[in-house]
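Notes follow once the structure below has been shown.
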Amino acid sequence: MSIDTTAQAADTPDAQQPWSELGLKADEYARIKEILGRRPTSAELAMYSVMWSEHCSYKSSKVHLRQFGDKVPKTDVLLVGMGENAGVVDVGDGYAVTFKVESHNHPSYVEPYQGAATGIGGIVRDILTMGARPIAVMDPLRFGPADAPDTQRVLPGIVAGIGGYGNCLGLPNIGGEVVFDQSYLGNPLVNALCVGVMKHEDILLATASGTGNLVVLFGAKTGGDGIGGVSVLASETFDADGPAKRPSVQVGDPFTEKVLIECCLEIFAENIIVGIQDLGGAGISCATSELASNGDGGMHVILDSVPLRDATLSPEEILMSESQERMCAIVEPAHLDRFMEICGKWDVDAVVIGTVNSSGRLTIEWQGEQIVDVPPRTVAHEGPVYNRPFAKPASQDLLAANTATSLQRPQSAEEFVHTVLTLVGSPNLADKSWITSQYDRYVLGNTASATPEDAGMVRLDDSTSRGVAISTDCNARFTMLNPYLGAQLALSEAYRNVAATGARPIAVTNCLNFGSPEDPSVMWQFSEAVTGLADACLTLGVPVTGGNVSFYNQTGETAILPTPVVGVLGVIDDVHTHLSHALPADGLTLIVLGETKAEFDGSEWAHVVHAHLGGQPPQPDLEAEANLAEVLITAANQGLVSAAHDISDGGLAQAVVEMCLRGNRGATLNLTGDAFTQLWSESVARAVVALTAEQAAELLALALQHEVPAEVIGTSGGTSFVVNAPEVTFSIAVDQLREVHTATLPALFDH
Amino acid sequence: MSSRIGVVTFPGSLDDRDAQRAIAIAGGEPVALWHGTTNLSGIDAVVLPGGFSYGDYLRAGAIARFSPIMSSVIDAAKSGMPVFGICNGFQVLCESHLLPGALTRNDHLHFICRDQKLRIENTTSAFTSGFDTNQEIVIPLKNGEGSYIADERTLDELEATGRIIARYVDVNPNGSRRDIAGITNEAGNVVGLMPHPEHAVEAGFGPSLDGLAFFTSVLSTLVNAS
């Protein structure tokens with residue numbers, strides 16, 4: 001096979017090229033020719049096509065995402081902002097923490113185990129690339145209806161893949177979400193979050209500077225897996241008539257990654273590298289062009305040096321391969337021997353594949369011929385930018401008009417009991433331990449709190465009690481009803497969950513899962529959600545440090561519910577003071593903090609009992625969230641409360657039932673006002689706390705001081721969940737609640 | 001002078017730092033040992049930690065068993081040095097034939113992580129002497145291949161000679177024969193345990209402090225022996 005060299009490209013301007021098959025639009029292809037002053041070689045075409053894909057270039061989202069940068073709140077915690085592999089925040093005592101959430105939706109639909117596994121692998125390498133030791137992972141997951149045949153196919157594989165990879169890496173999985181909804185049936189969402197820790201002075205960036213420095217590829221050998229995975233898988237929806245795309249999914253090897261992590265950490269500790277980049281989507285194309293683009297000069301790469309698993313790979317395939325567990329470092333020649341020695345200790349393959357130079361160009365040779373000669377910025381950072389048209393869909397007002405007001409509510413005690421049990425056993429609210437018990441939550445020995453607590457919490461290392469708490473949330477039904485408010489509600493819930501453990505929220509990451517950006521209705525949802533989130537982050541004073549956009553989540557023409565998953569990170573001085581939602585003793589006073597309004601549109605009750613979605617979501621109240629957080633953080637810090645739980649999906653009823661189940665004891669609620677509203681409204685900025693009678697007065701004073709409404713609603717104790725209200729009285733044994741709560745997932749997936 | 005207890009790190013070991021921490025909390029001096037050496041660095045006892053040595057390729061523990069350090073560990077074990085294999089370390093001890101039987105895939109085929117109740121049935125081994133007979137404890141269990149299996153004669157012999165050091169209580173989490181969670185050799189110096197005591201040694205991190213006694217046991221064993 002002849003090599004398509006840059007010289008040949010210049011000589012044959014009219015040669016036909018498969019730009020369309022590679023996902024490029026005609027104007028994009030024309031722009032590449034304009035940049036290069038000739039047609040691209042096939043290798044250059046491969047690089048541009050994959051780097052200019054939606055997944056790598058954010059071409060449809062960029063104009064909106066700018067708001068996260070434009071609306072950065074005044075904060076002194078941000079050390080590295082958006083644009084790097086992951087943002088970094090100051091968490092005190094010289095520690096810095098980096099965290100990020102990413103999607104691996106499409107690969108996980110095609111091949112659940114490997115798709116989910118390599119999702120973990122990819123996000124962990126992103127965190128590692130910042131110079132951090134990864135310390136925990138989380139997985140926000142969304143599936144079709146729990147009893148649907150395809151959910152039976154994808155869920156067990158995805159869960160096994162997350163466990164199989166994450167457990168073998170030795171990273172505790174401390175939380176996440178599992179949500180079932182019809183809209184994800186043909187397009188499950190597999191998001192993965194990783195958090196890592198380092199000292200301030202150890203932050204690394206993806207940059208290639210210093211003429212004469214060496215480009216070292218290390219880790220796994222390059223194979224034929226995942227070729228075109230980025231551009232093909234992330235940029236097309238699943239169509240029954242399409243070609244089989246199975247081979248495009250990458251195959252992970254967690255053992256290789258574990259060894260690579262330890263090898264990298266040992267290299268970082270000796271301070272012998274200039275820059276580093278992981279190889280994820282778009283493989284060598286991405287790593288070399290980004291490193292060169294961020295550096296101060298150019299780079300020359302000899303592609304023949306790349307160690308291959310399959311000797312028949314073409315140079316284009318080598319450039320595009322997404323083989324996992326690979327890293328690329330920039331090393332000064334004087335440090336190369338030591339670098340190689342450390343790699344040797346860990347049996348990690350490492351090869352010099354190029355050098356940094358001052359040419360301002362990224363040049364790549366293959367068998368002695370030049371096959372790439374491009375300005376690296378045009379590949380990595382100056383991709384196309386689209387102002388996609390967006391418009392509020394006509395159906396939105398109809399949706400808003402169809403409120404939950406007229407839905408039949410429980411009247412009799414029997415109906416109330418039935419409603420409690422139905423919700424407690426519904427797939428979204430049921431016990432998730434069938435899934436989460438497949439993840440190691442203990443490894444590393446720093447886990448202070450893990451699922452099903454409101455937020456996962458780990459201390460930074462065992463020389464300190466300082467820790468971080470993280471929660472990811474999104475109620476996509478709310479976002480469907482109102483994407484601007486829905487995104488704010490996602491942030492509100494994650495923020496509240498972190499505060500409910502006693503940690504102070506300081507930063508935000510997000511994974512924006514939406515349908516096709518070519519659909520103006522989806523683009524409207526996206527634009528509204530980004531604006532809503534950016535505005536709310538500004539108000540709450542928590543900067544967005546990074547994130548990920550996943551478009552084309554749809555089956556045929558039907559998009560998923562807009563799902564902007566928001567992750568909030570908080571800091572706690574001493575993890576020993578954190579709050580659990582388990583009721584630890586009988587006779588504790590239960591207090592509801594926050595105001596309960598009659599808000600049922602988009603609620604879990606409307607969804608489960610009536611399969612209804614319409615109206616307007618609960619009204620966010622960011623000031624109230626901040627005040628509530630202040631009360632919870634202070635209460636935890638002063639040891640004022642014995643337990644705390646945020647009130648969200650399933651309302652107060654679900655929150656107290658979960659506290660009973662986790663503490664293995666009952667509770668009695670004495671409600672004033674409308675029992676149904678008290679029990680199942682999903683109004684924001686609320687939490688339940690349990691505390692001794694002596695502490696109650698102090699907490700009420702604290703709440704008053706922060707203008708947070710507070711009401712004593714009952715006590716812990718007994719063996720039943722008891723509700724006494726003006727119009728209804730009922731009681732359910734905790735044992736029965738547990739049976740209903742824990743039976744659902746095993747019944748669906750244990751076979 | 002506190003006893004020096006080695007913790008071997010194989011490629012893919014995960015709970016090695018946790019084992020070191022547990023030893024330190026118990027009052028011992030942890031010594032990191034690299035799999036690629038045969039030098040035991042003058043240690044008094046050794047822990048083979050949990051994890052996925054060599055990615056569990058071939059069989060869990062099957063490749064680690066051939067690491068250079070294991071030849072030294074096997075020799076030392078035969079001379080009476082206390083050796084404690086936790087989870088993957090238990091698998092390595094079985095592969096090394098320092099303990100009988102094998103650990104196979106969990107009967108339900110899933111990895112499982114749970115707070116597990118155990119009953120300590122042998123309080124004479126190097127790592128369980130600090131427990132009361134039939135004491136019940138709760139420590140984390142986390143494994144994919146934790147189902148203990150051996151032929152009936154071996155199982156009978158383990159029972160008859162009191163070499164079952166711990167059994168699962170309430171729930172058998174992986175299909176282990178006769179609810180076996182851990183065993184010891186005839187001499188009582190080599191102990192394998194599937195659950196993870198090193199994750200139950202510190203208040204606030206783990207379900208209890210019940211794991212600490214495994215480590216304090218060996219420290220008193222060493223003091224009494226010297």
- Only unsatisfied item for B:Val31, checking (1) open to solvent by less than 50 Å² (accessible area, probe 1.4 Å); (2) out of contact with any Gly (no Cβ under 6 Å at 6 or more places or on another chain); (3) more than 9 Å from every other protein chain (Cβ to nearest Cβ), is (2)
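Residues that are of a type in the set (Gly, Ala, Ser): which strands (runs of 3 or more DSSP E) entirely in segment A:642-730 hold 2 or more of them?
Ranges flagged: A:643-646, A:687-691, A:710-716.
Quick one: is A:Met523 more than 14 Å from chain B (Cβ to nearest Cβ), more than 17 Å from A:Ala685 (Cβ to Cβ) and open to solvent by less than 10 Å² (accessible area, probe 1.4 Å)? Lay out the reasoning, then the answer.
Working: more than 14 Å from chain B (Cβ to nearest Cβ): yes; more than 17 Å from A:Ala685 (Cβ to Cβ): yes; open to solvent by less than 10 Å² (accessible area, probe 1.4 Å): yes.
Yes, satisfied.
Got at least one residue in segment A:178-192 being at negative phi, within 14 Å of another protein chain (Cβ to nearest Cβ) and not in a loop (DSSP other than H, G, I, E, B)?
Here is the first cut: in segment A:178-192, the residues at negative phi are A:178-192.
From the residues that got through so far, the ones that are within 14 Å of another protein chain (Cβ to nearest Cβ) too are none.
Scanning segment A:178-192 turns up no residue that is at negative phi, within 14 Å of another protein chain (Cβ to nearest Cβ) and not in a loop (DSSP other than H, G, I, E, B).
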- Message: Condition first: away from chain B (no Cβ under 13 Å), aliphatic (A, V, I, L, M) and crowded, with 24+ Cβ neighbours inside 10 Å. Can you find one or more residues in segment A:439-455 that meet it?
- Response: yes
- Could you tell me which of the residues A:Ser53, A:Ser61, A:Ser57 is surrounded by 15 or more Cβ atoms within 10 Å (Cβ to Cβ) and touching a helix residue (DSSP H, G or I) at 6+ places or on another chain (Cβ under 6 Å)? A:Ser53
- Message: Being over 18 Å from B:Gly89 (Cα atoms), among the hydrophobic types (A, V, I, L, M, F, W, C) and either without any contact (Cβ under 8 Å) to a residue 40 or more places away in the chain or more than 11 Å from every other protein chain (Cβ to nearest Cβ) (or both) is the filter here; which residues of segment B:198-212 pass it?
- Response: B:Ala203, B:Phe205, B:Leu209
- Note on the structure: Of the residues in segment B:36-59, those that are open to solvent by less than 60 Å² (accessible area, probe 1.4 Å) and within 11 Å of chain A (Cβ to nearest Cβ) number 9
- For residues that are open to solvent by 50 Å² or more (accessible area, probe 1.4 Å) and in contact (Cβ under 8 Å) with a residue 24 or more places away in the chain, scanning just segment B:158-177, find the one that is nearest to the other protein chains (Cβ to nearest Cβ). B:Val171
- Task: Would you mind telling me which numbered condition in (1) open to solvent by less than 40 Å² (accessible area, probe 1.4 Å); (2) in a helix (DSSP H, G or I); (3) under 25 Å from A:Tyr29 (Cβ atoms) A:Arg377 fails?
- Result: (1)
- Qualifying position, being within 14 Å of chain B (Cβ to nearest Cβ), farther than 29 Å from A:Thr634 by Cβ and of a type outside the set (A, V, I, L, M, F, W, C), among A:Ser465, A:Ser516, A:Ser433: A:Ser433
- Task: Give just the number: which of (1) free of Cβ contacts under 8 Å to residues at least 24 places away in the same chain; (2) basic (Lys, Arg); (3) open to solvent by less than 20 Å² (accessible area, probe 1.4 Å) does B:Arg153 not satisfy?
- Result: (3)
- Query: Tell me, which helices (runs of 4 or more DSSP H) lie completely within segment A:249-331 with 3 or more residues that are within 14 Å of chain B (Cβ to nearest Cβ)?
  - Reply: A:254-269
- Message: With the structure loaded, tell me whether B:Leu193 is open to solvent by less than 40 Å² (accessible area, probe 1.4 Å), away from every other protein chain (no Cβ under 14 Å) and over 18 Å from the mean Cα position of the chain (by Cα) or whether it fails that test.
- Response: no
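Residue-wise test of (1) in a loop (DSSP other than H, G, I, E, B); (2) farther than 25 Å from B:Arg17 by Cβ.
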position	(1), (2)
B:Arg114	no, no
B:Ala126	yes, no
B:Leu155	no, yes
B:Arg178	no, yes
B:Ser208	yes, no
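Conditions tested, residue by residue: (1) under 26 Å from the mean Cα position of the chain (by Cα); (2) at pLDDT 95 or above; (3) not in a strand (DSSP E or B).
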site	(1), (2), (3)
A:Gly570	yes, yes, no
A:Leu579	yes, yes, yes
A:Pro584	no, yes, yes
A:Gly587	no, yes, yes
A:Val592	no, yes, no
A:Gly602	yes, yes, yes
A:Pro618	yes, yes, yes
A:Glu625	yes, yes, yes
- Message: Being closer than 30 Å to A:Met523 by Cβ, of a type in the set (A, V, I, L, M), assigned to a loop (DSSP other than H, G, I, E, B) and away from chain B (no Cβ under 14 Å) is the requirement here; does A:Ala391 meet it?
- Response: yes
- Task: Check off (1) over 32 Å from the mean Cα position of the chain (by Cα); (2) surrounded by fewer than 24 Cβ atoms within 10 Å (Cβ to Cβ) for A:Gly354 and give me the number that stays unchecked.
- Result: (2)
- Query: Among the residues of segment B:108-121 satisfying the criterion of being surrounded by fewer than 22 Cβ atoms within 10 Å (Cβ to Cβ) and away from chain A (no Cβ under 11 Å), which is nearest to B:Asn143 (Cα to Cα)?
  - Reply: B:Lys117
- Message: Of all residues being farther than 24 Å from B:Lys142 by Cβ and modelled with pLDDT of 95 or more in segment A:153-184, which is nearest to the chain's Cα centre (by Cα)? Just the residue, please.
- Response: A:Val179
- Out of (1) open to solvent by less than 10 Å² (accessible area, probe 1.4 Å); (2) over 20 Å from the mean Cα position of the chain (by Cα), the odd one out for A:Cys537 is which? (2)
- Message: Return the residues of segment A:24-50 that are closer than 25 Å to A:Phe514 by Cβ and either touching an Asp or Glu at 6+ places or on another chain (Cβ under 8 Å) or open to solvent by less than 40 Å² (accessible area, probe 1.4 Å) (or both); say none if nothing qualifies.
- Response: A:Leu24, A:Glu28, A:Tyr48, A:Ser49, A:Val50
- Query: In segment A:678-707, which residues are within 28 Å of A:Ala404 (Cα to Cα) and surrounded by fewer than 24 Cβ atoms within 10 Å (Cβ to Cβ)?
  - Reply: A:Gln678, A:Ser681, A:Ser683
- Query: Among (1) among the polar types (S, T, N, Q); (2) under 30 Å from the mean Cα position of the chain (by Cα); (3) assigned to a loop (DSSP other than H, G, I, E, B), which single condition is A:Ser49 missing?
  - Reply: (3)
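Results for (1) more than 14 Å from chain A (Cβ to nearest Cβ); (2) free of Cβ contacts under 8 Å to residues at least 60 places away in the same chain, shown as yes or no for each residue.
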{"position": "B:Ile25", "(1), (2)": "no, no"}
{"position": "B:Ser71", "(1), (2)": "yes, yes"}
{"position": "B:Asp75", "(1), (2)": "yes, yes"}
{"position": "B:Met81", "(1), (2)": "yes, no"}
{"position": "B:Glu95", "(1), (2)": "yes, yes"}
{"position": "B:Arg105", "(1), (2)": "no, yes"}
{"position": "B:Thr124", "(1), (2)": "yes, no"}
- Item | Members of segment A:604-616 found to be open to solvent by 30 Å² or more (accessible area, probe 1.4 Å) and not in a loop (DSSP other than H, G, I, E, B), listed by number | A:His607, A:Val608, A:Val609, A:His610
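Based on this model, can you work out whether A:Asp202 counts as acidic (Asp, Glu) and surrounded by fewer than 21 Cβ atoms within 10 Å (Cβ to Cβ)?
Against the criterion (acidic (Asp, Glu) and surrounded by fewer than 21 Cβ atoms within 10 Å (Cβ to Cβ)), A:Asp202 qualifies.
The values are calculated or read from the model by the stated rules, or taken from the named source; none is laboratory data. It should be emphasised that the depicted structure is a prediction, and the values quoted were computed from it without experimental measurement. Cβ: placed from backbone, ideal geometry, glycine included. Neighbour counts: every protein chain shown. Areas reflect the complete protein model, heavy atoms only, side chains present, ligands, DNA and RNA absent. Shrake-Rupley method; radii C 1.70, N 1.55, O 1.52, S 1.80 Å.
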